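A short write-up of the structure that comes next.
No value in this document is a laboratory result; all are computed from the given coordinates. Just so you know, these numbers come straight off a predicted model, no measurement behind them. Note that we place each Cβ from the backbone using ideal geometry, even for glycine, and neighbour counts take in every protein chain shown.
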Amino acid sequence: MPDYSGMRWQRSVGALFACVVLAVAMTTASSTWGAPGELTVSVIDVGQGDSIWVEFPNGKHMLIDAGDVGADAEVLAFLRQHSTTRLNALVVSHFDADHIGGMPPVIAAPDLQISEFWVSGQKTGEQQQTKLEDAVRDRGLTPTVKQEGMHGTMGGVKVDVLGPGSHVYSGKNNNSIVLRLTYGNVSFLFPGDMEKSERKALGKDHPWTHADVLKLAHHGSCTGTDCTFAQQVSPKYAVMSYAYGNRHQHPHQEAVNALTLAHAKLYGTAPHGTVTFTTDGVTLGPPQTTRQGTVAPCPHKLQCPSEKEKKAAGVTGPAGAAAAGTTLVGNSNTKVYHKASCRHAPTGSNRIIFQSASEANAQGYRACGTCKP
């Protein structure tokens, strides 16, 4: 595997190599936000879109996505404010316009150097991807395809590429680059716009594990986060990148409920502005935000899951919609399952999550007589 600038990609990282990298990281360039030796992650407020800035302990930088068309002004202002003159890795999670629309001007910025340009490898032929490819060619960048199973380090931080897998899906969201950053005892998960198909495929052989910070997939859509995933990741903090009044009506109640049940503290770029985490690899405190607010689910009229998903699950009509779209909470002591809103629903270690009544019944649970799920 070739040795790219800033990162050596390999299937495993030897302990001695990791120690040497960490030692160098602790003595090189200082952070522009956190103290030397700290990892800083900012979910930039770009409206309805995604853009995430990472400053590694040795002063190197990564940018994941650049928002929609017009968001480049906000992204570039942020980069300049934080003295980012080189991106050691510029990452395209996938080719939706609200992730790449602002990227061509970022690539073309004369005061910004780019070492590596990461893509998932999917070709859509759509206008925004064509514009991006033109910008990449004009800047003389060579795209590097990242897929499941790649591992490396940057500034003492372990970088794992969890997706996409080998299967290419027809949609863009389920071909997202999924990254996990781990610094000491603290981890971050960035799943792009990953939805059910990719989430299920990637978790089949390697179940999702805990991450301290989860940047929600698909801006808080119910297709990006379900209760099973939220329980497996069990984040301390969850961040949704969205704009008030967006046409998709993000964030959805289902995603907010799933994370609330997982005891995550919720942040959103709409109410909180840019959300920034800083860690020394041992401790992780609450993030800094550029404004104060509260995440509230949109009272949307959309049906989630979709009729297609419900049909695939073998459920139809109002009863089927409730079974497929509503989280049920079981009590492992009493063997009774409840609606999540039921006053009898457990909140302790005896709590178990079901995605449908049929799943609960199959495991020997009975329905609560009060909430009648």
Just want to confirm a number: the relative contact order over segment 12-289, from Cα pairs under 8 angstrom separated by 6+ residues, in percent. 17 percent
For segment 58-97 the mean separation of alpha carbon contacts under 8 Å (6+ apart) over residue count, i.e. relative contact order in percent, is 62 percent
Obtain the nm distance between the two label points defined at R366 and D160 by a simple spin-label model: each point lies 7 Å from its Cα along the Cα-to-C-beta direction. 4.2 nm
Go through 66-74, 124-132, 94-102, 145-153 and give me the packing order, highest mean Cβ count within 10 Å leading. 94-102, 66-74, 145-153, 124-132
Dipole size in debye (nearest 20) for segment 12-289 around its Cα centre, Lys and Arg Cβ +1, Asp and Glu Cβ -1? 380 debye
Subtract the Cα-Cα distance of T294 and H82 from 0.36 nm times their separation in residues, and report this length gain in nm to one decimal. 73.7 nm
According to a simple spin-label model (label point 7 Å from Cα along Cα-to-Cβ), what is the distance in nm between V168 and K131? 2.4 nm
Just add up the charged neighbours of D111: K/R +1, D/E -1, any other residue whose Cβ is under 12 Å from the Cβ of D111. +2
Can you give the Kirkwood hydrodynamic radius of segment 12-289 from its Cα pairs, in Å with one decimal? 18.5 Å
Please report the net charge: other residues with Cβ closer than 10 Å to the Cβ of D50, K and R +1, D and E -1. -4
In the calculated pair distance distribution of segment 118-231, what percentage of Cα-Cα distances lie above 24 Å? 29 percent
Mean separation of Cα pairs under 8 Å and 6+ residues apart, divided by the residue count of segment 83-210: what relative contact order is that in percent? 21 percent
Near A217, within a Cβ-to-Cβ distance under 11 Å, what is the net charge of the other residues, with Lys and Arg +1 and Asp and Glu -1? -2
Check which residues have an amide H placed less than 5 Å from W118's amide H, if you skip close sequence neighbours. L90, V91, V92, T144
